[in-house]
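The structure under discussion appears below in the form of C-alpha cells.
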Amino acid sequence: QVQLVESGGGLVQAGDSLRLSCAASGRTFSNDVMGWFRQAPGKDREFVAMISWTSGRTYYADSMKGRFAISRDNAKNTVYLQMNSLKPEDTAVYFCAIEGPGSTWEDPRFDVWGQGTLVTVSS
C-alpha cells in the first residue's frame, strides 16, 4: 500500500524560503504523477503543482508560478516543493498526493494523500 509522508513545514517569516518533502513508499514508482496541494484555515484544498515521476514534467497553478518549484528525486522516492518569498497568505497545511487509476496528465485524479505538514508564515 502506498504511503506518503510530508515533512519540512514550520513557522517562518514573510520573505523566507522553505522546502517541503514528500517521501513515498509501498511500491515501485514509475509512470506516476505526484502533486502538492494546500489547505488554508477555513478554505478549500487547492492545487499547487504536480510532477511526472518519469519525465519530470511539471505543471503549476497560475498563482504558484514563479515562487514555488516542484522537483523529485527518483532514487529517494521523494518529491519536493521549494517555496520562496513566502507570504502570510501561504499559511496552510500542505499535502502531497499520488494519482490513482484512470488519471491522466490532462485530468489528474489523486487518490492517495499524505497527512500534511503545516506551514505558517508570519508577517
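Looking at Gly26, Gly42, just one residue is open to solvent by less than 80 Å² (accessible area, probe 1.4 Å), on the phi > 0 side of the Ramachandran plot and not charged (D, E, K, R), and that residue is Gly26. The single condition from (1) in contact with a Leu (Cβ under 9 Å, 6 or more places away or on another chain); (2) farther than 21 Å from Gln3 by Cβ; (3) basic (Lys, Arg) that Lys87 fails is (1).
Can you spot a residue in the range 90-99 that is exposed (fewer than 13 other Cβ atoms within 10 Å of the Cβ) and over 13 Å from the mean Cα position of the chain (by Cα)?
no
For Ser55, the conditions (1) open to solvent by 60 Å² or more (accessible area, probe 1.4 Å); (2) in contact with a strand residue (DSSP E or B) (Cβ under 9 Å, 6 or more places away or on another chain); (3) of a type in the set (S, T, N, Q) are fulfilled apart from (2).
The values are calculated or read from the model by the stated rules, or taken from the named source; none is laboratory data. None of the values given here were measured: they were computed from a predicted structure. Glycine also receives a Cβ, built like all others from the backbone with ideal geometry; neighbour counts cover every protein chain displayed. What goes into the accessible areas is simple: the full protein's heavy atoms, side chains included, and nothing from ligands, DNA or RNA. Shrake-Rupley method; radii C 1.70, N 1.55, O 1.52, S 1.80 Å.
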